Amino acid sequence: MTALHIDEVRSRADADFPRVVDVLSRKIALKSVSAQGITGEHMRRSAEFVARELHKVGVDAHVVQSSNPDGTAGAYEVVGSKNADPNAPTVLLYAHHDVQPVPEPSVWDTDPFTATEVDGRLYGRGSCDDGGGIAIHCGALAVLGSDLRVNIKVFIEGEEEMGSPSFIPFIEAHRDEFDSDVIVVADSGNWSADIPSLTTSLRGNTSMDVTVRVLRHPVHSGQYGGAVLDANTLASMLVSSMYDGQGSLIVPGLVSGEPVGGLQRDLDEATVREDSSVVDSYVFAGIGSLASRLWTKPSVTVIGWDAQPVDTSFNVIADATRIRLSLRTAPGQRPEEAQRALGDFLLAHAPHGAEVTLTPLENGMGWAMNPDAEATKDALEAMKQAFGVEPINKGEGGSIPFIPELQRLFPKAQVLVTGPEDPKSNAHSPNESISLSGLRNNIVAEALLLDKLGC
Ligand SMILES: [Zn+2]
């Protein structure tokens, strides 16, 4: 079988594009904020809307309410399938229909729940994350129509922004509906609106509470200061013992990786400085490419510290303090292994013989794409054709917990992480938007990919 010609795919996508934008606009108006209640009527309406739109592009889709691990009712999920040929590969298309809340509508330039086009971008909550993912899947299936040559399964989740509490039990209960050869997760994004990307890796994460104790009770700083260091100072010394002079972690056993599939282009330091809002005098920590520091090397952040607030402080030596450490791990390292390495290091570096005790907290695995998988090559080729430029792969410093879970449940599936975002999208922030030219090219790319997978 020969693949569909790019010109044919593009002309079909162009003809269908106003419909796709209309679907996305109506989706935005549904205000499907899962933080206002995963089981709310508004979430059921949103799921039913998505199921109807999937029907229109030939998917036998229906809404299923999942169950939480404790047995209570969970999210409204959309599940569907479209069969082409029993001998062809099966592709699972993932997106989520819930959106982030809008705590302060007044800081938006447009109404968050009225899709508004400005300068080639469509603004609105969920325009990108992840209404854009739904639009890509619906658009690609419409383009292929009866030329579809792979079997399609669809899962549009209703609680991704709430950490997917019922995701794993739901998938385990519906294994057959998800079992597939390739999984396309359209919930990430591109290098820019004009340059496509596969997301190649996600860091894992783990955390722990660390208590540092020096005294059985607080004492007067005038009486004992000089010989007895306060618990906050000792905890600071413990934290700083993890770093060398350049701010690189020196904890043995923490794996440091390099960008998966090789680094095609490093992040631009000026842009990262601007986007992160570091003060002008700050010198970035670590060595090596900025991409490796943000995507594939471990990092530790003190995210909580129990200490006396300044305004109510008085002259005592604190007896004990507790800090919470969040550790981002290299994509391939087991988080429990990293947690143990960090814990062992902290116990071995207790300053001045202070008592250090650890409380390990939850672990989340990272994920790395297989750069040599057939589907990866097909996706990169499809992106290159659709956008007219070479893709630039990128990693993610954060985690998308369900991706490693999907990979764990379906170890043979080739997972491709794509998506509608670009650096101007402001997902999770005010003035969220999607590039319309980027969306159109993403639809062409996914249609070409699905077509290639069936050849
Ligand atoms: Zn998302």
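Each value in this text was obtained by applying a stated rule to the coordinates, not by laboratory testing. Because the structure is predicted, anything quoted here is derived from the model rather than measured. Neighbour counts run over all protein chains shown; Cβ positions are idealised from the backbone, glycine included.
Some notes on this structure:
- Legend: ranking of residues LEU409, LEU54 from fewest to most surrounding C-beta atoms inside 10 Å; resulting order LEU409, LEU54.
- Residue-averaged 222 nm ellipticity for the chain, from DSSP H runs of 4+ at -39500 (n - 2.57), nearest 500: -10000 deg cm²/dmol
- Gyration tensor verdict on segment 23-156 (Cα atoms; rounded if a/c is under 1.5, prolate if a/b is larger than b/c, oblate otherwise): oblate
- Contact order, relative form, for segment 1-151: 30 percent (alpha carbon pairs under 8 Å, 6 or more residues apart, mean separation divided by residue count).
- Within the chain, the longest segment free of exposed loop sites, counting trypsin sites (Lys or Arg not before Pro) that fall outside DSSP classes H, G, I, E and B and have at most 11 other Cβ atoms within 10 Å, spans 1-215.
- For the chain, the longest site-free run once chymotrypsin sites (Phe, Trp or Tyr not before Pro) in DSSP loop states with at most 10 other Cβ atoms within 10 Å are removed: 1-281
- Length gained when the stretch VAL302-VAL255 is fully extended (0.36 nm per residue, less Cα-Cα span): 15.0 nm
- Label reach from SER326 (point 7 Å along Cα→C-beta): in segment 333-365, amide nitrogens under 15 Å belong to 361-365.
- Mean separation of Cα contacts under 8 Å (6+ apart) over length of segment 72-152, as relative contact order %: 46 percent
- Relative to one another, the C-alpha centroids of segment 74-131 and segment 1-45 are positioned 7 Å apart.
- Length available on full extension from VAL107 to ASN315: 0.36 nm per residue minus the Cα-Cα distance, which gives 70.6 nm.
- Filter on LYS31/LYS297; LYS82/LYS412; LYS153/LYS297; LYS27/LYS384; LYS153/LYS377 - keep pairs with C-alpha separation over 31 Å: LYS31/LYS297; LYS153/LYS297
- Beta bridge orientation in the chain: antiparallel %, DSSP, nearest 5: 70 percent
- Distance between segment 241-285 and segment 338-405 - C-alpha centres, whole angstrom: 14 Å
- Of the residues ILE392, ILE28, the one with the fewest other Cβ atoms within 10 Å heads the list, and the complete ranking is ILE392, ILE28.
- Nearest-0.05 FRET efficiency for TYR224 and GLN246, computed from C-beta distance (R0 51 Å): 0.90
- In terms of its C-alpha gyration tensor, segment 204-246 comes out oblate, because a/c is 1.5 or above while a/b does not outweigh b/c.
- Using a cutoff of 8 angstrom between alpha carbon atoms and counting only pairs six or more residues apart, the relative contact order for the chain works out to 25 percent.
- Here the Karplus curve 6.51 cos²θ - 1.76 cosθ + 1.60, taken at θ = phi - 60°, turns the phi angles of segment 363-371 into couplings of 10, x, 6, x, 8, 10, 5, 8, x Hz, with x standing for Gly and Pro.
- Sites HIS349 and ARG52 - FRET efficiency at Förster radius 45 Å, r taken between beta-carbons, to 0.05: 0.15
- Residues VAL9, VAL219 arranged by fewest to most Cβ contacts within 10 Å: VAL219, VAL9
- With the cut-off at under 19 Å, measuring from each backbone N in segment 128-160 to a point 7 Å along the Cα-to-Cβ line of SER429 picks out 128-132.
- For segment 123-190, the square roots of the Cα gyration tensor eigenvalues, ordered a ≥ b ≥ c, give a/c of at least 1.5 with a/b no greater than b/c, which places it in the oblate category.
- Couplings 3J(HN,Hα) of segment 326-341, computed from phi: 10, 10, 8, 10, 4, x, x, 7, 5, x, 5, 5, 5, 4, 5, 4 Hz, in residue order, whole Hz [Karplus 6.51 cos²θ - 1.76 cosθ + 1.60, θ = phi - 60°; x for Gly and Pro].
- ³J(HN,Hα) computed for each position of segment 35-50 - Karplus, 6.51 cos²θ - 1.76 cosθ + 1.60, integer Hz, glycine/proline x: 5, 8, x, 4, 9, x, 4, 4, 6, 5, 4, 4, 5, 5, 4, 5
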